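Here the structure comes first, spelled out in structure tokens, and everything after it is commentary.
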Amino acid sequence: MAETDRVLVIDDDAAFRFAMVKALSRHGFEVSEADGGESALRVLSGPQPPDAALLDLRMGGIDGLEVLKRIPNAPTRTIVLTGHGSVEAAVEAMRLGAFSFLEKPVDAEVLAPLLAEAVSESRRARSGLARMDVPPIVGGSAVIEEVRKFVARAGPSEEIVALYGETGTGKEVVARHLHLASPRAEGPFVALNAACVQRDLFESELFGHRKGAFTGATDNHPGMFGEAQAGSLFIDEVAELPPDTQAKLLRALESGKVRPVGAPREHDVDVRIIAATNRDLWQEVQQGSFREDLYFRLQVLPLVLPPLRERAADIPVLAEHLLERIGRPGSRIGEGARELMMAYEWPGNVRELLNVLRRAVLFADGPELDADLMRRMLAASVFGHSAGRASKPQAPPGDAPTSLAEVERAHIQRVLAQLDGNVTKAASALGIDRRTLQRKLKDFE
């Protein structure tokens, strides 16, 4: 018997939850509700988490971003929804692992196939296939060839690697390849996103704890170092580590020993560290937020990953690979669409490219993703950027818009202009229904 696709709707608006439950149930989903972040976390961290979740960004109490931070390793794939958010919040949600990001109101006809894809990825994660299926390093540009050479040379080493690069450049993919190229390839690869850990739990997450060490410590926990024994530990967003944890991490790197919270003594660990950040760590050192001694300890084998805009020639082959990854290998990218993609700056890098392609295959009328479709998808990107080299909506000097409310008018007008004033196509590209767009246009008058 086929497994039911389970979706959790997380929103403090009862009317919205009711509408979503009704609409998604008609599409065959088994839908449950959570009226806020606290109740959602109980479900998401429970023994039977849902396959996918719709998460409102702004809620009273625990908000959507905090929910994402507290479930970094959950198999549930989360689509973030907001009617009041900001471009920065969209970027942050994607960085914290959101599957996709859409603005309210959202059409169930658009949402249903995206949820089906999220369910599919969730099941791959639960089955362990996602951990086994390491994506290749795609591209033939000179900068990507240098990345491959670095992996080939640094992988077999036991030295610490520091990966630098903008959000979405593939730092974890490179880290996994370093692990596979090492003598530790048969050992575990454990990933920790430091941005997703509560500040008072860093020590426990990294080094483990003993039963009874603090309230809620009902069992012994090996920590990330313990889980990565004889393997590799990837610490993403390492700049987020608080100062006291930085000191203890440095001690672990220098001594090869850790002490779990509540343990009477240290014990040996055999772990190779791969650290990553999208910040300038040396600048963090100069500002006093990152330890200088830890910085130099991490700098044994540094590598800067290039942003997508610096390897535009790789974009077509990378896009084809991503289409196969999302289960649409029959889709084709037309020449005009390819040119638009190569001219776009991709501020969200590969992560944004993947999100744009997901939307494109949903809106495509046939197997070809043509220039008109791609123009609409780029215009509606959650990163709030337009196609071409002008990467941000223009605003008067000294008055650059930062919230979605501020950029909404310019964004909608830009999409309408690109589609020759066609309201139906513009609504489709923006992910809202035609009536909602007409209402917004009336409000702009």
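The values are calculated or read from the model by the stated rules, or taken from the named source; none is laboratory data. The structure displayed is predicted, hence computed values, not measured ones. All Cβ positions, glycine included, derive from the backbone under ideal geometry; neighbour counts span all protein chains shown.
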Residues that are outside any loop (DSSP other than H, G, I, E, B) and without any contact (Cβ under 8 Å) to a residue 12 or more places away in the chain, drawn from region 184-209: ASP200, LEU201
Helices (runs of 4 or more DSSP H) enclosed by region 210-313 - at least 2 residues per element that are under 22 Å from LEU96 (Cα atoms) and in contact with a helix residue (DSSP H, G or I) (Cβ under 9 Å, 6 or more places away or on another chain): 223-227, 243-255, 281-286
Check on GLU227, under 24 Å from the mean Cα position of the chain (by Cα) and surrounded by fewer than 21 Cβ atoms within 10 Å (Cβ to Cβ): yes
Residues of region 292-321 classified as surrounded by fewer than 20 Cβ atoms within 10 Å (Cβ to Cβ) and hydrophobic (A, V, I, L, M, F, W, C), total: 8
Number of positions in region 328-358 that are over 21 Å from the mean Cα position of the chain (by Cα), closer than 21 Å to PHE99 by Cα and either in contact (Cβ under 8 Å) with a residue 60 or more places away in the chain or part of a helix (DSSP H, G or I) (or both): 0
Residue tally, condition over 24 Å from the mean Cα position of the chain (by Cα) and loosely packed, with under 15 Cβ neighbours inside 10 Å, over region 194-221: 7
Criterion violated by ILE273 - all others in (1) modelled with pLDDT of 95 or more; (2) farther than 19 Å from VAL173 by Cβ; (3) touching a strand residue (DSSP E or B) at 6+ places or on another chain (Cβ under 6 Å) satisfied: (2)
Criterion violated by VAL31 - all others in (1) part of a helix (DSSP H, G or I); (2) touching a Ser or Thr at 6+ places or on another chain (Cβ under 8 Å) satisfied: (1)
Residue match in region 43-52 (condition: small (Gly, Ala, Ser) and more than 20 Å from LEU102 (Cβ to Cβ)): yes
Sole exception among (1) closer than 22 Å to LEU201 by Cα; (2) surrounded by fewer than 17 Cβ atoms within 10 Å (Cβ to Cβ); (3) out of contact with any helix residue (DSSP H, G or I) (no Cβ under 9 Å at 6 or more places or on another chain) for VAL43, by number: (2)
Where LEU340 falls short, out of the listed (1) modelled with pLDDT of 60 or more; (2) under 25 Å from LEU115 (Cβ atoms): (2)
Residue that is surrounded by the fewest Cβ atoms within 10 Å (Cβ to Cβ), among those in region 77-119 that are of a type in the set (Val, Ile, Thr), part of a strand (DSSP E or B) and modelled with pLDDT of 80 or more: ILE79
Hits in region 230-247 - residues which are crowded, with 16+ Cβ neighbours inside 10 Å and of a type in the set (D, E, K, R): ASP236, GLU237, GLU240
Out of ALA175, ALA191, sole residue that is surrounded by 22 or more Cβ atoms within 10 Å (Cβ to Cβ) and on the phi < 0 side of the Ramachandran plot: ALA175
Qualifying position, being touching a Gly at 6+ places or on another chain (Cβ under 7 Å), on the phi < 0 side of the Ramachandran plot and at pLDDT 90 or above, among LEU55, LEU24, LEU8: LEU55
VAL361 surrounded by 16 or more Cβ atoms within 10 Å (Cβ to Cβ), part of a helix (DSSP H, G or I) and modelled with pLDDT under 70: no
Matching residues in region 1-29 - criterion: being surrounded by 13 or more Cβ atoms within 10 Å (Cβ to Cβ), of a type in the set (D, E, K, R) and either over 16 Å from ILE62 (Cα atoms) or in contact with a His (Cβ under 9 Å, 6 or more places away or on another chain) (or both): ASP5, ARG6, ARG17
Scan of region 315-327 for residues that are in contact (Cβ under 8 Å) with a residue 60 or more places away in the chain and charged (D, E, K, R), ordered by number: ARG325
